[in-house]
Amino acid sequence: MKTLEFRIRKIHVNTETERKLAKRQPSRIYVSEEALIELTGTKDGGRAVCIEKAGGTADETSTPAHLRREATLWKAPEKLDRGVTMMYDIFRDACGYKLGEHVRITAVGGSIPDADEAVLEEVSTAVVVPGRADDSQATALEPILASDVPGWEYFLAGRLSQVEHVYAGLVLKNLFLRGPERSFVVKAVNGRSAGNGRYLDRKTKVKIAEPAVPGSEGAEEAPRKLEVTGIRGLDAQIKKLNNMFGCFASDIPFRPTLSYPGIVIHGGHGTGKTMLLDRIANSGWGNVFRIQFKDKLSEIQEVFQQARLQQPSIILMDQFERLIDKERNNRSAVILAICEALDALEAEATKTGELPKIVVIAACLDYTTDMPEDLIEPGRFITEIYLPLPDVDCRREILTSLGLCVEPEKERDLLRRLSERTHAYNGKDLKRLVAHARHVGRIRVTDAAASNSGKLPTLGANLDKLVPGLETLTIAEGGAVDATSAPGTDLLPPGPPADCIPEDYEEALKIVRPSAMHDINLKPPPIHWDDIGGQDSVKTSLRRAVRLSTEPAEVLNKFFEHPPKGFLLYGPPGCSKTMAAQAMATESGLNFFAVKGAELLNMYVGESERAVRRLFARAREVAPSMIFFDEIDSIAAQRQGFGHNKPSSAGSSSSGGGGGGLNVLTTLLNEMDGFEALQGVVVLAATNRPQALDPALLRPGRFDELIYVSPPDEAARRAIFQGVATKRKMSADVDVDQLARDTEGYSGAEIKGICAVAGIQAYERYLNRQSSSSTSLKKDGGDNYDDDDNEKLDGGQEEDGIRMSDLENAIKSQKRQITPEMEKGFEDWERQFRRH
């Protein structure tokens, strides 16, 4: 921002037009055209500027608030020297400037802002007795009665409406409404003691400040403390934040070895970042400036300039990741501008030995990934405060504040169950859950009433209309849970205290999912343990894994120092490893992350490792959760020359051989058993090639349990055929026991393939029979068709469905893919790494 120094000169008002302008816009100041262009870059007038008295003596090293004002800059109507500015007398007197004094004028960009609020203070203190030439008989003026304040505020608003530009220091003298005449002065505009704004009827709010306490003349108002309190569930975060705020109120000198403490608040969607910023803004400590993600570069620079001129001040930047989004054309320029502004604050602190009274706070989703390296260097954003998702106790408090609207005797148990089942839900999600449950309850009651009158509206149709509306819910400003709906949508309808039942919340849980999982596949195929034939030992191990992830810590500590958390499924292809993981996700209710190993690989340097770290961070955030790596050998292959294995032959490739694959493997090893504990997260992986895995991944502490998923035995094969028979039309001659014996050595996938081939044969026979029957019907005119057909059906020769012969032919045509050599390889590997 450009700053120039000027000497004050009187402006002469000669015409009626000039007198009207001086009355309506007294905060105009005039400079030469040359100075106007140098300050603002344009000949256009009306740009906002800040004026402050230029320091000339030792006692003027700082600028008192009453000598700093905001104004608008215009080209002088007459020729002026470059170093001269002209002001109206009324504005100059209000600022406390004298003719001939030097002032600095700084262009802050933009035009004069609208005056949202103007605060006035009464300055008349005595009533002079009429007929007296002196003030010796003056009597003290009583303050305005509280009942008369609204009337005076309305009266003052009418007087201010005659002035287009309202500025701090503007005096309204000798006004009469009721009782003695009174005089007022504008103390602040838009909360700024040096403010200037455009007065707008029906928008500008006029307030009268409370009178000063007698005897307090000359005493400055005690500054309010910069502190945040009263937010449940964030005690540690609030304590850290308030400790940082204490640095700006401390008398301890700023040493060059210290850094300016820019603050970053980060956390997932709905964790309370915006709420916390609003609490900080409402602390009343200083002037609040907000930088929005859509602001232009010049507007960002202007905010920092204004904040320095109007200390103490707070700069808040919500959705910071969008402000510096990689798609933004001038992203580098924005980052550079913020870096320069923060560096200027640190330079000022080093020079003066005191932190500037400017607090800069940014909020983003993730400090590690969203903040560029340039912005996290010393003296910039060095303090990060993480807001986690609410835990069980915090979720219970939020649900209590929302009100479940169930019968009192059922509320306590429902609160307990909902708080335990809503892992990864944030405050916004819980509000959506309650809203949806209330809608379900309302529709249930409506349907019951309509049923009694013979009208049966469908619940499903109504729910389809309700779900889109739920997406517009937000947490109310200030963190309070607001029960109001989005425009045009009655999301939390008022009703009797018990308009819901627990079953309504069961329905709502099916629809309302946690926002933290918004881009994750939350609906794996609905596979159940009963859908998998045999594999009893595999099912037992995986059920135990789920129980370990949800068991209270006090129970686990009795039996484990570190409970098992990693489980590797290995075995021949087609033996239900992936199906077992899907069944585990369906039956457990854990938040489910399913990725194929190759999906994590990225051609750009560092992106694959970032994807792995982000995956584990998301899983920790929404624990209890499960990560399933299918085909894990694609990212965790054995490093060349590791252990007893020889390096890969020329021409072969693996993810562990290259530098990028090695980094991915290292990242995976660290995430599974590194410095940060993996609590509440189950890691499940599947591979057909366990021999290709790096041995470091297989040690206890990473994959604690190695589970061999073998080809199905005879009982399992029988169960698979029986499962198919219950879903398909089979002829009476199908012998499931014989089929189980005939398919020894086949995988589950191959058995299903056999059934599919047999189904094709039966379907072709069905088509041929339909075609021949149609031809026969045309030939004899349809006579005796039904009788002949029924006889054939009774004889069993033409019955529709899969026959035993179809299945036997399919078995003969299906070649076994699991060879004895393959099974021996798995057995040898199992002997090498067997744990128990």
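The values are calculated or read from the model by the stated rules, or taken from the named source; none is laboratory data. For clarity, every value in this text was computed on a predicted model and none was experimentally measured. Using ideal geometry, Cβ is built from the backbone for each residue, glycine included, and neighbour counts are taken over all protein chains shown.
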ask   = Among the residues of segment 325-341, is any surrounded by 15 or more Cβ atoms within 10 Å (Cβ to Cβ), of a type in the set (Val, Ile, Thr) and out of contact with any Leu (no Cβ under 7 Å at 6 or more places or on another chain)?
value = no
request  = Determine whether segment 179-193 contains at least one residue that is without any contact (Cβ under 8 Å) to a residue 40 or more places away in the chain and of a type outside the set (Gly, Ala, Ser).
outcome  = no
note = Of all strands (runs of 3 or more DSSP E) fully inside segment 171-255, the set with 1 or more residues that are out of contact with any helix residue (DSSP H, G or I) (no Cβ under 8 Å at 6 or more places or on another chain), modelled with pLDDT of 70 or more and aliphatic (A, V, I, L, M) is 182-189
key: Qualifying positions in segment 404-443 - farther than 22 Å from residue 234 by Cβ and part of a loop (DSSP other than H, G, I, E, B)   = 404, 405, 406, 407
message = Being in a loop (DSSP other than H, G, I, E, B) and at pLDDT 85 or above is true for just one of 759, 745, 782, 753. Which residue is that?
response = 745
ask   = Quick check: is even one residue across segment 125-145 surrounded by 13 or more Cβ atoms within 10 Å (Cβ to Cβ) and at pLDDT 85 or above?
value = no
query = Does residue 715 fit the bill of being touching a residue at least 12 places away in the same chain (Cβ under 8 Å), hydrophobic (A, V, I, L, M, F, W, C), surrounded by fewer than 20 Cβ atoms within 10 Å (Cβ to Cβ) and touching a strand residue (DSSP E or B) at 6+ places or on another chain (Cβ under 7 Å)?
reply = no
request  = Filter segment 349-366 for residues that are surrounded by fewer than 19 Cβ atoms within 10 Å (Cβ to Cβ), out of contact with any helix residue (DSSP H, G or I) (no Cβ under 7 Å at 6 or more places or on another chain) and touching a residue at least 40 places away in the same chain (Cβ under 8 Å) and give the result.
outcome  = 350, 352, 353, 354, 366
query = Which residue pairs have Cβ atoms under 6 Å apart, sit 6 or more places apart or on different chains, and have a first residue in segment 615-635 that is without any contact (Cβ under 8 Å) to a residue 40 or more places away in the chain and a second that is surrounded by fewer than 20 Cβ atoms within 10 Å (Cβ to Cβ) and of a type in the set (A, V, I, L, M, F, W, C)?
reply = 634/598
ask   = Got a sec? Which of 295, 278 is charged (D, E, K, R), within 24 Å of residue 192 (Cα to Cα) and assigned to a loop (DSSP other than H, G, I, E, B)?
value = 295
query = Out of all the residues in segment 146-168, which are hydroxyl-bearing (Ser, Thr, Tyr), assigned to a helix (DSSP H, G or I) and surrounded by 13 or more Cβ atoms within 10 Å (Cβ to Cβ)?
reply = none
request  = Working only within segment 1-19, note down all residues that are among the hydrophobic types (A, V, I, L, M, F, W, C) and either out of contact with any Asp or Glu (no Cβ under 6 Å at 6 or more places or on another chain) or without any contact (Cβ under 8 Å) to a residue 12 or more places away in the chain (or both).
outcome  = 1, 4, 6, 11, 13
query = Take the residues of segment 697-736 that are part of a helix (DSSP H, G or I) and under 28 Å from residue 663 (Cα atoms): which is nearest to the chain's Cα centre (by Cα)?
reply = 697
inquiry  = I'm checking my understanding of the structure. Among residues of segment 369-400 that are basic (Lys, Arg) and assigned to a helix (DSSP H, G or I), which one is nearest to the chain's Cα centre (by Cα)?
reply    = 395
task = Considering every residue within segment 404-423, establish whether at least one is at pLDDT below 80, buried (at least 21 other Cβ atoms within 10 Å of the Cβ) and under 20 Å from the mean Cα position of the chain (by Cα).
result = yes
key: Among residues of segment 737-750, those that are of a type outside the set (Gly, Ala, Ser) and surrounded by fewer than 17 Cβ atoms within 10 Å (Cβ to Cβ), counted   = 5
key: Conditions (1) more than 22 Å from residue 304 (Cα to Cα); (2) surrounded by fewer than 13 Cβ atoms within 10 Å (Cβ to Cβ); (3) modelled with pLDDT of 85 or more; number of the one not met by residue 8   = (2)
request  = May I ask you to list the residues in segment 20-32 that are surrounded by fewer than 14 Cβ atoms within 10 Å (Cβ to Cβ) and touching a residue at least 12 places away in the same chain (Cβ under 8 Å)?
outcome  = 24
ask   = Which one of 734, 683 is surrounded by fewer than 23 Cβ atoms within 10 Å (Cβ to Cβ) and β-branched (Val, Ile, Thr)?
value = 734
query = Which ones in segment 323-368 are assigned to a helix (DSSP H, G or I) and farther than 30 Å from residue 282 by Cβ?
reply = 331, 332, 333, 336, 347, 350, 351
